[in-house]
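The values are calculated or read from the model by the stated rules, or taken from the named source; none is laboratory data. Given the structure is predicted, the values throughout are model-derived calculations rather than measurements. Cβ placement follows ideal geometry from the backbone for every residue including glycine, while neighbour counts extend to all protein chains displayed.
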Amino acid sequence: MGHTYKNCQSCGIPLHKDPQGGGTERDGTKSLKYCSYCYENGEFKGGNLTLKEFSEISRKGMVEGGHNKSFAWLFSRPFMLGHLERWKNK
């Protein structure tokens, strides 16, 4: 069995806060690494984004989701996301 992650390795949200309980792999099983906001059917939503593009989408999504703008700005910064597996080697 693979590593179990506490946070999505794309956007960093706690996986237990994902209403879907995680994204899905191609075969329909739950992803143990990525949330449903980022990952579906074995692919990243939004295609092959750069970390900078993803950071901006993530910030907007947090504000729309009701987070305060300062919180959203801080937690969507590339330096906050860059350690996650999706972005590590980019």
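Within segment 65-82, the residues that satisfy the criterion of being more than 15 Å from ASN7 (Cβ to Cβ) and assigned to a helix (DSSP H, G or I) are LYS69, SER70, PHE71, ALA72, TRP73, LEU74, PRO78, PHE79.
Yes/no per residue for (1) under 20 Å from ASN89 (Cβ atoms); (2) over 10 Å from the mean Cα position of the chain (by Cα):
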site: HIS3; (1), (2): yes, yes
site: LEU15; (1), (2): no, no
site: GLN20; (1), (2): no, yes
site: ASP27; (1), (2): no, yes
site: LYS33; (1), (2): yes, no
site: TYR37; (1), (2): no, no
site: GLU40; (1), (2): no, yes
site: GLU53; (1), (2): yes, yes
site: HIS67; (1), (2): no, yes
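Within segment 1-28, the set of residues being in contact (Cβ under 8 Å) with a residue 24 or more places away in the chain and in a loop (DSSP other than H, G, I, E, B) comprises GLY2, HIS3, THR4, TYR5, CYS8, GLN9, SER10, CYS11, GLY12, ILE13. Each residue in segment 39-64 was checked for being modelled with pLDDT of 90 or more, surrounded by fewer than 15 Cβ atoms within 10 Å (Cβ to Cβ) and part of a loop (DSSP other than H, G, I, E, B), and 3 pass. Restricting segment 12-38 to residues that are touching a Leu at 6+ places or on another chain (Cβ under 7 Å) and on the phi > 0 side of the Ramachandran plot leaves a set whose member that is surrounded by the most Cβ atoms within 10 Å (Cβ to Cβ) is GLY22. Taking segment 77-89 as the search range and keeping residues that are modelled with pLDDT under 90 and in contact with a Gly (Cβ under 8 Å, 6 or more places away or on another chain), which one is surrounded by the fewest Cβ atoms within 10 Å (Cβ to Cβ)? Among them, the one singled out is LYS88. Taken over segment 9-63, residues that are under 14 Å from ARG77 (Cα atoms) and in contact with a Lys or Arg (Cβ under 8 Å, 6 or more places away or on another chain) amount to 5. If you go through segment 69-90 and keep only what is among the charged types (D, E, K, R), over 23 Å from LEU32 (Cβ atoms) and within 15 Å of the chain's Cα centre (by Cα), you end up with just ARG77.
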